[in-house]
Amino acid sequence: MSDNRVIIEAFTELASRYEKVVDSELQRFWGWSYEGFIENLIDLAQVCEGDVVLDVATGTAIIPLMLTNKGKIKGKIVGLDITLAMLEKAMRKINSNEITTRILLTCGSAMAMPFRDGLFDVILCGLATHHLDVPVVLAEMHRVLKESGKLTIADVGGTTAWRLPMIKAMIRVATFFYFLPGEGYARARSEAAALSNVYTAEEWKEILVELGFENIKIINLHTNHFWSPTPLVICAEKILKESQNAYVSR
């Protein structure tokens, strides 16, 4: 079964209870509520009223809904997700909210986005990159951002020790058996496989610089346990063409 098929199966099963499950998991490991974690992401993002915003792996559209409900944006917000069941739940929430006519939902892969180059002023992504090929999805984010466009990602960060084969194998097995009893095979497999996509802050910065991002800021958020992975917020800006040419020539 392909990685995408596993992710779609896992999150199709999870869609009806997604927000409750994620809230419980964040509370347990990091001491964050799901709403509080997303509020922190939005507060750190540089979103202006007239921006066109893309929320990658939007899930049940908590980010677009929070942006509009807080009055932070009056432009368009596009939510992209590969799992139709998540988008169906998101649409039900949007339809029940009178001020969300600016939210558009698209079913598609974050690693091959169905958007033209340079379309978005801001890209947000919360708790999703560990399920994706990070260099590929960052390249796609760079492609669809306008020049000087802003990127803000919040997700799990790892340590260099996680790259050691023995430790990596132990964490992968522990993760699989942690999720298996309560969440089932597909979720357990998807979360165990996600370990390969967890990067340190230094690795994030290297990838972002290589792809042409600048003004990179990586923030470590607090966590309840020393042994749990660190939540990170990654902020970056797409380099202007003139600046990028100068950067390449150095």
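A few points about this structure:
- Restricting segment 95-192 to GluC sites (Glu not before Pro) in coil, as DSSP defines it, with at most 16 other Cβ within 10 Å: GLU98
- Student exercise, segment 45-113 dipole from Lys, Arg, Asp, Glu Cβ charges, in Debye to nearest 20: 160 debye
- The residue list THR12, GLY149, GLY126 was ranked by how far each Cα lies along the charge dipole of segment 3-249 toward its positive end, using unit charges on Cβ atoms, and THR12 comes out on top.
- Each of CYS107, CYS235 has some number of other Cβ atoms within 10 Å of its Cβ, and from fewest to most they run CYS107, CYS235.
- Applying a DSSP loop filter and a limit of 10 other Cβ atoms within 10 Å to the GluC sites (Glu not before Pro) in segment 1-74 leaves GLU49.
- In segment 119-250, lysine pairs with alpha-carbon atoms under 12 angstrom apart (chain gap of 8 or more, or interchain): 5
- Between segment 105-144 and segment 44-93, the C-alpha centres lie 13 angstrom from each other.
- Sequence-distant residues sharing a close amide H with LEU104 (under 5 Å, placed H): ILE77, VAL78, GLY79
- Cα convex hull, segment 83-167: 135 Å³ per residue, rounded to a whole number.
- By the count of neighbouring beta-carbon atoms within 10 Å, fewest first, TRP162, TRP30 end up ordered TRP162, TRP30.
- Listed candidates (1) 23.4, 94; (2) 18.1, 60; (3) 17.6, 54 - label of the one calculated as Rg and Dmax of the Cα atoms in Å: (3)
- Near the amide H of VAL52, within less than 5 Å, lie the amide hydrogens of ASP121, VAL122, all on another chain or at least 5 residues away, with H placed in the peptide plane.
- Spin-label pair ILE207-ARG143: with each label point 7 Å from Cα along the Cα-Cβ axis, the two points sit 1.6 nm from one another.
- Taken about its Cα centre, the chain carries a charge dipole of roughly 160 debye when the Cβ of each Lys and Arg holds +1 and the Cβ of each Asp and Glu holds -1.
- Restricting attention to the chain, close to 40% of DSSP beta bridges with both partner residues there are antiparallel.
- Along segment 182-196 the Karplus relation, 6.51 cos²θ - 1.76 cosθ + 1.60 evaluated at θ = phi - 60°, assigns HN-Hα couplings of x, 10, x, 5, 4, 5, 4, 5, 5, 6, 5, 5, 5, 4, 5 Hz to successive residues, with x for each Gly and Pro.
- Amide hydrogen neighbours beyond the local backbone of ASN224, cut-off 5 Å, H modeled: TRP30, GLY31
- Signed unit charges on C-beta, dipole axis of the chain, positive-most listed residue GLN27, PRO135, GLY212: GLN27
- Put in line by how crowded their Cβ is, counting other Cβ atoms within 10 Å and starting with the fewest, TYR18, TYR178 read TYR178, TYR18.
- Net charge dipole size for segment 65-161 [Lys, Arg +1 and Asp, Glu -1 on Cβ; Debye, nearest 20]: 460 debye
- Rg and Dmax [Cα atoms of segment 1-46; Å; Rg one decimal, Dmax integer]: 13.3, 38
- 9 Å beta-carbon shell around GLY50, net charge (K/R +1, D/E -1): -2
- Each stretch of four or more DSSP H residues adds -39500 (n - 2.57); spread over every residue of the chain, this sum gives -14000 deg cm²/dmol at 222 nm.
- Relative contact order (%) - criterion: Cα under 8 Å, at least six apart; region: the chain: 20 percent
Read the figures in this text as sums done on the coordinates, not as results from a lab. The structure presented is a predicted model; accordingly, all values stated were derived computationally and were not measured. Quick reminder, even Gly has a Cβ in these numbers, built from the backbone with ideal geometry, and neighbours come from all protein chains shown.
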